[in-house]
Every structure is written in structure tokens, then in C-alpha cells.
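Since the structure comes first, as C-alpha cells, the remarks are kept for the end.
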Amino acid sequence: MATVQTLPTHVAVVMDGNGRWASKRLLPRSIGHRQGAKACREVVEACLKQNIKYLTLFAFSSENWQRPREEVQAIMELFLSSLKNDAETLHEQGIQVRFIGGRTQFSAQLRELIDQTEALTKANDKMLLSIAVDYSGRWDVMQASKQLCKQVQLQGLNSDELDENAFEKHLSTYPLPDPDLFIRTGGEQRISNFLIWQLAYTELYFSDTLWPDFDAKELELAFASYAKRRRSYGLVLEQIES
Ligand code: FPP
């Protein structure tokens with residue numbers, strides 16, 4: 001990969017386009033998801049090579065449960081087989097894997113594999129790979145709000161003492177820094193209820209490439225675009241430069 005000056009620390013990805021990739025080839029959507037899982041492996045490898053510290057992948061949204069039953073089943077089976085096949089390799093590569101989102105709707109077998117993978121990799125520190133499954137940004141904000149309310153009740157806090165830091169501690173991504181770069185493949189330009197709080201100042205990058213075709217070269221294009229951005233966080237340029 002060509003060297004770019006400024007690499008993101010945290011990259012968040014909406015992996016869109018698996019279904020269209022398959023339909024274009026007259027294949028079932030499940031094959032598109034399988035190819036999508038291959039693209040995940042390539043992107044994880046590429047991020048590792050580039051020393052990206054945090055990679056967060058949106059693998060299954062809370063809304064995705066409403067897809068046709070066979071498709072949901074195929075995706076769940078893909079999660080199972082990917083975890084079985086890849087957990088050890090990820091561990092050997094020094095990658096910590098963690099899952100964010102609800103877990104109660106998964107099969108006992110999948111929950112167990114998720115727990116095992118998290119336990120196996122928990123001491124790794126080359127890269128933290130967060131996989132968002134049964135996740136939605138609004139769910140995250142709600143569950144964080146509920147936890148904060150409980151804390152307020154238990155500790156008898158005054159609401160005036162609460163600030164963004166107090167809230168963020170309850171988000172499922174804590175203690176990760178907010179994403180620097182958000183990538184969405186598949187041509188649509190929206191956030192689709194991903195990390196809605198955490199993306200407040202994130203640079204957005206949209207690619208027309210369908211996720212199964214997204215590879216190290218495509219990632220390089222996204223990084224090159226990121227390197228050209230001026231992140232102002234609401235300040236003026238002179239303030240940033242000084
Ligand atoms: C969106 O494409 C993709 C999904 C809902 C599933 C994503 C899952 C994977 C890429 C497999 C990941 C596996 C692991 C282990 C992380 P879409 O189906 O909405 O595509 P479309 O917009 O073309 O219909």
C-alpha cells in the first residue's frame with residue numbers, strides 16, 4: 001500500500017451491497033454475504049498491515065431481523081462458521097475481537113462462540129475489531145441512557161453534574177475513541193442508524209463499490225481521501241493549525 005500521511009485511528013464500516021453483488025450474478029443473496037465475509041477478512045488484514053488501531057464493522061443491524069427468514073438464517077450460519085474458522089487466526093494475529101449490540105436473540109451456540117472468541121482474544125492489543133451485530137445507534141443511545149439513569153438513582157447524582165463524558169461511558173463502544181473515518185460501500189449515502197452518537201465529528205466516505213468487491217486497494221482510496229480532509233471540530237482553520 002502507498003503511504004499516506006495521516007491514517008485514521010478508528011475506522012467504522014457499513015458493509016453494504018452483498019445482496020446486489022449476488023443478484024447481478026443471478027446468485028442467491030446468501031452467496032453475496034459469503035463473499036462479503038471474504039471481503040471482511042481482506043479489510044481486516046489490510047487494516048492490520050496499516051496499524052489501524054480500531055476497526056468497527058456493521059455486520060447485522062437490529063432492523064435486519066425483518067429480512068426474509070432464510071436470509072437471516074444464512075447470515076447467522078455465516079457468523080457461526082466465520083467465528084469457528086477465523087477466531088484462532090485473529091487471535092494469532094494479535095487482534096482483540098468484541099461484539100457490540102444485543103445478544104439475546106442469537107442462538108445459544110452463537111452466543112457461546114461469541115463469548116469464547118471474546119475471552120480468547122481479550123488480552124490482544126494489535127488491533128481491536130468490534131463487530132456490531134443486532135446493533136442500532138438508537139438502541140445504543142437508549143441503553144446508555146437507561147444505564148445512566150440507574151447510576152443517577154443509585155448514586156443520588158444531580159442531573160446538572162452529568163456531561164457527555166458521563167454519558168459516553170455507557171455506550172457499547174466505550175472506551176474506544178470516536179471513529180475518525182466512516183466508510184459505507186454500495187453507493188447509498190446514509191448512516192443507517194449505525195454509531196449515531198459516535199459519528200458526530202467523523203469524516204464520511206462513500207464508495208459505489210459493492211462490499212464483496214471492496215479490497216485493500218479500495219481501502220487505500222478511502223484512506224487517501226481521509227488524508228486530504230481538514231478536521232475542524234467547529235473551530236476555524238487558524239486555531240487548528242496553531
Ligand atoms: C448488507 O448488504 C450486508 C449485511 C446485512 C450483512 C453483512 C454481513 C457480512 C458482510 C458478513 C460478515 C461476517 C462477519 C463474520 C463479520 P445488503 O444485503 O443490504 O446488500 P444490498 O443492499 O445489495 O441488498
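The values are calculated or read from the model by the stated rules, or taken from the named source; none is laboratory data. None of these values were measured; they are calculated from a predicted model. Here the Cβ positions follow ideal geometry from the backbone for every residue, glycine too, while neighbour counts run over all protein chains shown.
Observations on the structure shown:
- Inside the stretch 4-24, residues that are modelled with pLDDT under 95 and near the ligand (Cβ under 8 Å from one of its atoms) make up a count of 0.
- Residue in the stretch 214-234 that is loosely packed, with under 11 Cβ neighbours inside 10 Å, aromatic (F, W, Y), over 22 Å from V97 (Cβ atoms) and away from the ligand (no atom under 16 Å from the Cβ) present: yes
- Comparison of F106, F99 shows that the only residue that is assigned to a loop (DSSP other than H, G, I, E, B) and within 15 Å of the ligand (Cβ to nearest atom) is F106.
- The stretch 144-165, subset of a type in the set (S, T, N, Q) and assigned to a helix (DSSP H, G or I), residue nearest to L176 (Cα to Cα): N165
- Within the stretch 127-142, being on the phi < 0 side of the Ramachandran plot and either part of a strand (DSSP E or B) or surrounded by fewer than 12 Cβ atoms within 10 Å (Cβ to Cβ) (or both) holds for M127, L128, L129, S130, I131, A132, V133, Y135, R138, M142.
- Among the candidates F194, F206, residue that is surrounded by 12 or more Cβ atoms within 10 Å (Cβ to Cβ) and either at pLDDT below 95 or over 27 Å from L83 (Cα atoms) (or both): F206
- Among residues of the stretch 70-82 that are among the small types (G, A, S), those with a Cβ under 6 angstrom from a residue that is more than 9 Å from the ligand (Cβ to nearest atom) and assigned to a helix (DSSP H, G or I), sequence gap 6+ or separate chain, pair up as A74/S30.
- Of E63, E71, E77, all but one fail to be assigned to a helix (DSSP H, G or I), exposed (fewer than 13 other Cβ atoms within 10 Å of the Cβ) and within 13 Å of the ligand (Cβ to nearest atom); the exception is E63.
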